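*Asks:* Please see the structure below; I have some questions.
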Amino acid sequence: MQQPLASRTRDLLVGLLTGHATLRAHLYNLGLAEQKNCRLCGEEREDSIRFLCHCPALVLKRYKSWGKMFLCPRDINKVKVGSLSSRARPSSGMSQRNCKI
Ligand SMILES: [Zn+2]
């Protein structure tokens, strides 16, 4: 049986915000993956920050939901957890990459 969407979205958000999502960098640290590079772009470490903020394969999705092609971690810190789930849906649009890790 599959979890309801709201529950799955909540679990995904908690995993991404805590760094315990089933992304390769975390799985690699647990000895459960052989690589930690991104499955989407292959270029970088697949962890929460890169996935949410910098992965070039997610530029369009980020732009539609955040209005920016790239995010800074502080962009996410400013948002309340309750409103993050609404950003998971396709929507809005605007800006550019202007921060460094
Ligand atoms: Zn990537």
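The values are calculated or read from the model by the stated rules, or taken from the named source; none is laboratory data. For clarity, every value in this text was computed on a predicted model and none was experimentally measured. Every residue, glycine among them, receives a Cβ derived from its backbone with ideal geometry; neighbour counts consider all protein chains shown.
*Asks:* How do the pairs read when you match residues in region 34-52 that are farther than 16 Å from Asn77 by Cβ with residues anywhere that are aromatic (Phe, Trp, Tyr) and more than 6 Å from the ligand (Cβ to nearest atom), using Cβ under 6 Å and keeping only pairs 6 or more apart or on different chains?
*Replies:* Close Cβ pairs (under 6 Å, with a partner that is aromatic (Phe, Trp, Tyr) and more than 6 Å from the ligand (Cβ to nearest atom)) amount to Lys36/Tyr28.
*Asks:* Of the numbered conditions (1) at pLDDT below 90; (2) away from the ligand (no atom under 16 Å from the Cβ); (3) not aromatic (Phe, Trp, Tyr); (4) not in a loop (DSSP other than H, G, I, E, B), Ser95 fails exactly one; give the number of that condition.
*Replies:* All conditions pass for Ser95, except number (4).
*Asks:* Working only within region 2-34, note down all residues that are part of a loop (DSSP other than H, G, I, E, B) and either on the phi < 0 side of the Ramachandran plot or touching a helix residue (DSSP H, G or I) at 6+ places or on another chain (Cβ under 8 Å) (or both).
*Replies:* Listed by number, the residues that qualify are Gln2, Gln3, Pro4, Gly19, His20, Ala21, Thr22, Leu23, Leu30, Leu32, Ala33, Glu34.
*Asks:* Output the number of residues of region 1-21 satisfying the condition of being at pLDDT 85 or above and exposed (fewer than 11 other Cβ atoms within 10 Å of the Cβ).
*Replies:* Matching residues across region 1-21 total 1.
*Asks:* Got at least one residue in region 77-87 being touching a helix residue (DSSP H, G or I) at 6+ places or on another chain (Cβ under 9 Å), within 16 Å of the ligand (Cβ to nearest atom) and either in a helix (DSSP H, G or I) or at pLDDT 95 or above (or both)?
*Replies:* Within region 77-87 (the criterion being touching a helix residue (DSSP H, G or I) at 6+ places or on another chain (Cβ under 9 Å), within 16 Å of the ligand (Cβ to nearest atom) and either in a helix (DSSP H, G or I) or at pLDDT 95 or above (or both)), the answer is no, since none of the residues qualifies.
*Asks:* Taking Arg45 as the residue in question, decide whether it is within 17 Å of Gly19 (Cα to Cα) and in contact with a helix residue (DSSP H, G or I) (Cβ under 6 Å, 6 or more places away or on another chain). Before you say what the answer is, go through the steps one by one.
*Replies:* Numbers: within 17 Å of Gly19 (Cα to Cα): yes; in contact with a helix residue (DSSP H, G or I) (Cβ under 6 Å, 6 or more places away or on another chain): yes.
Spelling it out, Arg45 is indeed within 17 Å of Gly19 (Cα to Cα) and in contact with a helix residue (DSSP H, G or I) (Cβ under 6 Å, 6 or more places away or on another chain).
*Asks:* Also, quick follow-up: Restricting attention to region 35-67, and to residues there that are within 8 Å of the ligand (Cβ to nearest atom) and assigned to a helix (DSSP H, G or I), which single residue is surrounded by the most Cβ atoms within 10 Å (Cβ to Cβ)?
*Replies:* His54
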